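This report refers to the structure that appears directly beneath it.
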Amino acid sequence: MNYDSKDKVLKKATVWEGLYFYRKSDAIYQLTVAFCKRFLPAHGDRTVDQMVQAARSGKQNIIEGSEDGQTSSEVEIRLINTARGSLQELRADYLDYLNTHHLKVWPKDSARQKKMRKFCRKQNDYEAYAPLVNKMTDEEYAN
């Protein structure tokens, strides 16, 4: 037979850079780093490390899952779920920030939350958020 055995064993590689959820997670990572630099102390607060690591882990596990998915769908699913878990952990950190700083948690049906979600649904890349980084309050960031 005249075929490349690699083509029969490995799945087609996923181009993770173009994945919607990778691009969104990269924007979340960059926004989290900017949030921590602006609103949390540079030293002596483990929250900074936790938040940045959770955001980074979300992004990196998507990459690793996409790469490892060529040989194992099970590993790919596990790593994508790990990414999801890391991003949920980050979400909880932002909620903790709002609560401990006595800031308002916007209800899902509030006008501000709806407006923010509408914007975020359409914007996947950090470049869309970059002009807002130094304009948003900590409450806006965390919500």
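Being β-branched (Val, Ile, Thr) and at pLDDT below 90 is the filter; apply it to the stretch 1-56 and report the residue that is nearest to GLN123 (Cα to Cα).
Looking at the filtered set, the residue picked out is VAL15.
For the stretch 97-125, what are the residues that are free of Cβ contacts under 8 Å to residues at least 24 places away in the same chain and either more than 21 Å from ARG38 (Cβ to Cβ) or charged (D, E, K, R) (or both)?
PRO107, LYS108, ASP109, SER110, ALA111, LYS114, LYS115, ARG117, LYS118, ARG121, LYS122
Could you list all residues from the stretch 102-121 that are under 15 Å from the mean Cα position of the chain (by Cα) and exposed (fewer than 11 other Cβ atoms within 10 Å of the Cβ)?
ARG121
Could you list all residues from the stretch 14-38 that are more than 19 Å from ASP93 (Cβ to Cβ) and in a helix (DSSP H, G or I)?
TRP16, GLU17, GLY18, TYR20, PHE21, TYR22, ARG23, listed by residue number.
The values are calculated or read from the model by the stated rules, or taken from the named source; none is laboratory data. Please read all numbers here as calculations on a predicted model, not as lab measurements. Cβ sites come from the backbone with ideal geometry, for glycine too, and all protein chains shown count toward neighbours.
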